[in-house]
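Working notes, beginning with the structure itself.
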Amino acid sequence: MGELLLVITIVTLVVLAIRRGKPVVLDNPVIIHRHGQYHITLAPQLNRAQTFIEQIARQFMLLHPSQGDLPTQYYEVRDPMVFARGGSAYLLAASLRDGILYFQAINPQPLIYDADSHYKTLSEFSGAVLKQHPPSTPADQQWAEKLRDSIGTIAGQLNITVEALQSDR
């Protein structure tokens, strides 16, 4: 009887150790602030995008520490590791204010009217978040290109597809 109990216990422990856990997906927004480095705002269920965004911030700040402000850049990100409400993509805004990178990630909303666009949705959300941090000193335009390069490099390393969103104007 004791051997049977021991075998059942060992099998249970092996199964629990091998079994893959399901990823935790949060149903609340996540705000991550690393003082003097970056500020990330993630919509509900996008907490798994944190790794990608933090790697972008790390690479950009290590290779290109900058002061000044950059206009916000908008992207559509297709990351197989992020499950955005059954969708295949999420929207990402990136900007630089006083040497701090600001990122906002949201789920795309269904486009109901012809005038709707993911760019418009993301720019409104990003504008609301950055309202407290208006641009002051514009940085050299080369820094915008370096931020785009950092995003592209990290996306390539992680097999993530990133497409820049343009305004419809």
> Looking at the range 55-88, which of its residues are in a loop (DSSP other than H, G, I, E, B), more than 15 Å from the chain's Cα centre (by Cα) and modelled with pLDDT of 70 or more?
Replying inline: 68
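So, in the range 89-107, of the ones that are among the polar types (S, T, N, Q) and outside any loop (DSSP other than H, G, I, E, B), which residue ends up nearest to the chain's Cα centre (by Cα)? Don't jump to the end; show me each part of the working.
Our first condition is that a residue be among the polar types (S, T, N, Q); within the range 89-107, this holds for 95, 104, 107.
Filter again for outside any loop (DSSP other than H, G, I, E, B), leaving 95, 104.
Values: 95: 13, 104: 7 Å.
Out of the qualifying residues, it is 104.
Does residue 127 satisfy the criteria of being part of a helix (DSSP H, G or I) and either surrounded by fewer than 12 Cβ atoms within 10 Å (Cβ to Cβ) or at pLDDT 70 or above (or both)?
Values: part of a helix (DSSP H, G or I): yes; either surrounded by fewer than 12 Cβ atoms within 10 Å (Cβ to Cβ) or at pLDDT 70 or above (or both): no.
For residue 127, the condition - part of a helix (DSSP H, G or I) and either surrounded by fewer than 12 Cβ atoms within 10 Å (Cβ to Cβ) or at pLDDT 70 or above (or both) - is not met.
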> Are there any pairs with C-beta distances below 6 angstrom linking a residue in the range 7-34 that is at pLDDT 85 or above to a residue that is in a loop (DSSP other than H, G, I, E, B), with the two at least 6 apart or on different chains, and if so which?
Replying inline: none
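The values are calculated or read from the model by the stated rules, or taken from the named source; none is laboratory data. In this text the structure is predicted, and so the values were computed from the model without any measurement. Heads up, the Cβs are rebuilt from the backbone with ideal geometry, glycines too, and the neighbour counts pull from every protein chain shown.
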